[in-house]
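Please read the structure below before turning to the comments.
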Amino acid sequence: MKQPAQSTFRNAWELIRFSTYAELRAERARSYLGLIWWIAEPAMMMAAFWLVFDVILKTGGPDYLPFLLIGLTVWQWMKSCITHGGYAIWTNLGLIRQARLPVLVFPLVQMFADTIKFFYIFALLLVILWIAGYPPNLAYFALPVLFVAVFLFAAGAGFLVAAVVPLVPDLRFVIEQVLTVVMFLSGVVFSLAQVPSPLREVIALNPVAELLDATRGILMHGEWPDWLALAKVGTISAVVCVIGILVVRRLEPRYPKLAV
């Protein structure tokens, strides 16, 4: 019984890997700038936030630019996985009706594609940090564990969104607004130290805030993450991910019957 299961898993993984590669090539072909646009788009957003919060409002500080770049880079990865993966089933309903493919393939392909793009942007971010005076340190060895926790959290949220959006497509507009609120309540553009004490403890309960704080600690200060807090976030993320997968699998028979 083990061999068929292993074969099925291998075939599913090959399908996801090939589809991810095809998605990245197709996305690059749709833009004249190609690979450059993957970096130029988030760079423009970072520049806009830096101009507003640091130059105009002067709410930043001496370390605000790397603080902002790290926060926006990680947040954009999470948001892209949630939205692109979350809308993947809905946008592929026509293909789902025609081909007998595991529905989970569609959000996973989008999430893996966004993750690959994130590593290109992250590599550029590291170069900028090194030039700015934040050299590599031993705490970098904690980054893979941290990134797994980030991906699990984003994937779990993305699966839940992917499960319900085909049934209620108008939820897309609500989700976009919710993500905007979450961004501003997660310390992406401001330090939690600037928040008054009662509210600071509430915001600190946000898993996204914990993940961003750990990433900044590693890249800017060479600090190892709080392993207990990271374990809690990782456990929550894994649970959310499993629940999202189960919900998608539960609703999978309904998707081919939906109107395109």
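Which residues, taken from region 213-238, are of a type outside the set (A, V, I, L, M) and either in a helix (DSSP H, G or I) or surrounded by 16 or more Cβ atoms within 10 Å (Cβ to Cβ) (or both)?
Residues satisfying the conditions are 213, 215, 216, 217, 221, 225, 227, 232, 234, 235, 237.
Suppose we filter region 173-208 for residues that are over 22 Å from the mean Cα position of the chain (by Cα) and of a type in the set (Gly, Ala, Ser); how many remain?
Qualifying residue count, region 173-208: 2.
Being in a helix (DSSP H, G or I) and either open to solvent by 80 Å² or more (accessible area, probe 1.4 Å) or among the small types (Gly, Ala, Ser) (or both) is the filter here, so list the residues in region 185-205 that pass it.
Selection gives 193, 194, 197, 198, 199, 200, 201, 202, 204.
Go through the residues of region 152-162 one by one and say whether even a single one is of a type in the set (Val, Ile, Thr) and open to solvent by 40 Å² or more (accessible area, probe 1.4 Å).
No, that holds for no residue.
If we keep just the residues of region 63-81 that are open to solvent by 10 Å² or more (accessible area, probe 1.4 Å) and among the aliphatic types (A, V, I, L, M), which is modelled with the highest pLDDT?
69
Going by what's in this entry, would residue 249 be described as over 29 Å from residue 167 (Cβ atoms) and charged (D, E, K, R)? Explain how you work it out, then say what you get.
On the way: over 29 Å from residue 167 (Cβ atoms): no; charged (D, E, K, R): yes.
Taking the combined requirement at face value, the residue does not satisfy it.
Given the conditions (1) assigned to a helix (DSSP H, G or I); (2) free of Cβ contacts under 8 Å to residues at least 12 places away in the same chain, report the number of the one that residue 151 does not fulfil.
The failed condition is (2).
Residue check, residue 169 against (1) closer than 30 Å to residue 252 by Cβ; (2) open to solvent by less than 50 Å² (accessible area, probe 1.4 Å); (3) part of a helix (DSSP H, G or I), all met but one. Which one?
Checking residue 169 against (1) closer than 30 Å to residue 252 by Cβ; (2) open to solvent by less than 50 Å² (accessible area, probe 1.4 Å); (3) part of a helix (DSSP H, G or I), the one that fails is (3).
Can residue 32 be described as more than 21 Å from the chain's Cα centre (by Cα), aromatic (Phe, Trp, Tyr) and modelled with pLDDT under 75? First the steps, then the outcome.
Numbers: more than 21 Å from the chain's Cα centre (by Cα): yes; aromatic (Phe, Trp, Tyr): yes; modelled with pLDDT under 75: yes.
Considered against the rule, which asks whether it is more than 21 Å from the chain's Cα centre (by Cα), aromatic (Phe, Trp, Tyr) and modelled with pLDDT under 75, residue 32 comes out as yes.
Inside region 172-184, can you point out the residues that are buried (at least 17 other Cβ atoms within 10 Å of the Cβ) and either in contact with a strand residue (DSSP E or B) (Cβ under 6 Å, 6 or more places away or on another chain) or over 16 Å from residue 67 (Cα atoms) (or both)?
Hits for region 172-184 are 175, 179, 182.
On the given criteria, is residue 197 out of contact with any Pro (no Cβ under 6 Å at 6 or more places or on another chain) and in contact (Cβ under 8 Å) with a residue 40 or more places away in the chain?
no
Please go through (1) over 27 Å from residue 14 (Cα atoms); (2) assigned to a helix (DSSP H, G or I); (3) over 14 Å from the mean Cα position of the chain (by Cα); (4) in contact (Cβ under 8 Å) with a residue 12 or more places away in the chain for residue 145 and return the number of the only condition it doesn't satisfy.
(1)
The values are calculated or read from the model by the stated rules, or taken from the named source; none is laboratory data. Small disclaimer: the values here were computed from a predicted structure and weren't measured. FYI the Cβ positions are ideal-geometry reconstructions off the backbone, even for glycines, and counts take in every protein chain you see. Just so you know, the surface numbers come from the protein's heavy atoms only, side chains and all, with ligands and any DNA or RNA stripped out. Shrake-Rupley method; radii C 1.70, N 1.55, O 1.52, S 1.80 Å.
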